[in-house]
1. Loop-only check: which trypsin sites (Lys or Arg not before Pro) in the stretch 58-148 are DSSP coil with at most 10 other Cβ within 10 angstrom?
2. Please compute the modelled spin-label separation between residue 84 and residue 122, points set 7 Å along Cα→Cβ, answer in nm with one decimal.
3. Can you tell me what share of the DSSP beta bridges in the chain is antiparallel? A percent to the nearest 5 is fine.
4. Checking the cross-link filter: which aspartates and glutamates have an alpha carbon closer than 19 Å to that of residue 122, excluding same-chain neighbours under 8 positions apart?
5. Across 10 Å bins from the origin, how do the percents of Cα pairs in the stretch 197-310 run, short distances first?
6. Distances over 37 Å make up what percent of all Cα-Cα pairs in the chain?
7. Gain in length, residue 259 to residue 52, computed as 0.36 nm per residue apart minus the alpha-carbon separation, to one decimal in nm?
8. To test your reading of the geometry: what angle, between 0 and 90 degrees and rounded to tens, separates the Cα axis of helix 251-261 from the longest principal axis of the chain?
Amino acid sequence: MFEILFLGTSASAPSAKRGLSGQIVSHNEYRFLIDCGEGTQRQILQSGSGFKRLTRVLLTHGHLDHILGLGGLLSTFLRWEAIDELEIFGGRSTLDRVHALLYDVVLRGNQPPMPLKMHEIKAGTFFEAGDFTISAFPVTHRGPDCLGFAFEEKARRPFLSEKADAHGGPFGPERSELVAGRTITLANGNRIHPDDVLGPWEKGSKLVVVGDAGRTDDLVDVCIGADGLVIESTYLNEEADMAREFSHLTARMGAELARQAGVGRLILTHISRRYREKDVLAEAQAVFPNTAVARDFDSYQIKRDNPHDR
C-alpha cells in the first residue's frame, strides 16, 4: 500500500486555499517528496507530517512553481532542522536549475548542512527497496526532461495462516523465513516448505504520479492497471485550445486516460483558480466516475483491493 499526502494542489500560482505543487508519497518507513513549490515547507509543518525521513525529493520538471520551495527548505535545514542527507532526483535540465537555485542563491559559497546529492534520472527504474520500486517515465510538457513516477509494490505470495496452523503453526521469525522462500525446520523436527503455507503470487499495488503534461496518448502504457493515478487538471474542456497552447490537460483528458488505462482511482490536482472545484469534478466524473479532486492536506491510501480485476 502507498499513501499520498497532498501539500499543494494549485496550478501555477497559489490561491487562498491551495498551495503550489507538492506531495509526499509514503510506503512503510520510506517517504518521498514529489515536487516542492513555493511554501512547501510550511505545508509540511501545517500537515503535521514533519521532516523526519523526508530525505528524498523527486522532481517532475524544472518550472519554478514545482521547485522554488527547495530554496526555503534548504534554508530551513541550514538553521533549524537536522536531517542526515538530502537526495534530489530529476532530469538533467531540472537539476541544473535546482543547482543554481541552491548553490548560487541559498548557499552562496557555503557548504550545505548535510550531504546534498543530486541524481540525474532517465526513463526506467531508479530506486528499489525490498518490496517496491520507483520508475521514471517521460512526460510531454514545455521544455526537456519532464518526468512522471510509477511506484510499484513487488509481487508477493500471501502467508496463509490456516495452512501454517495445519503444519504446526510457526510464528515470528519462522514465518518471515517462509515468506522469504526458505524452508524451515521446527523444534519437533518437522520441515515446512514455502509452498506448504504460501498462496499464489499476487501483484502489488501501483501508484502513478504525473506532473504537468500536455498530452496523454503517450501515458497509457505506464498507467495500465494502476490502482491510483494522480495527474494535473489545469483546464476544463471548454478551454481545450488554451490547454493545448500551454501544454496542459483538461479534466476530461485526465478522465479519458484513466478510463482507457483501466486505473482504479483518479485523483486530479494542479487546479486553476479560474474554475470551481465542483465543475472540475463533474467534467471528470462524467467520463470516469471514481474521480476525486485533491485539496491541500488530503491524504489517500492506494492499495490493490481486487488484484485480479485489472
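1. Working: sites: 79, 92, 97, 108, 117, 122, 142; in loops: 108, 122, 142.
Loop-located and lightly packed - 108.
2. 3.0
3. DSSP beta bridges in the chain are roughly 60 percent antiparallel.
4. 35, 87, 96, 145, 152, 212, 218, 221
5. 15, 47, 28, 8, 3, 1
6. Working: 11031 of 47895 pairs.
The share of Cα pairs beyond 37 Å in the chain comes to 23 percent.
7. Numbers: separation 207, 0.36 × 207 = 74.52 nm, distance 3.67 nm.
So the extension gain works out to 70.8 nm.
8. The answer is roughly 30 degrees.
Any read-out appearing in this document is the output of simple, stated calculations on the displayed coordinates, not a laboratory observation. Remember, it's a predicted structure, so these values are computed and weren't measured experimentally. Virtual Cβ from ideal backbone geometry, glycine too; neighbours counted across all protein chains shown.
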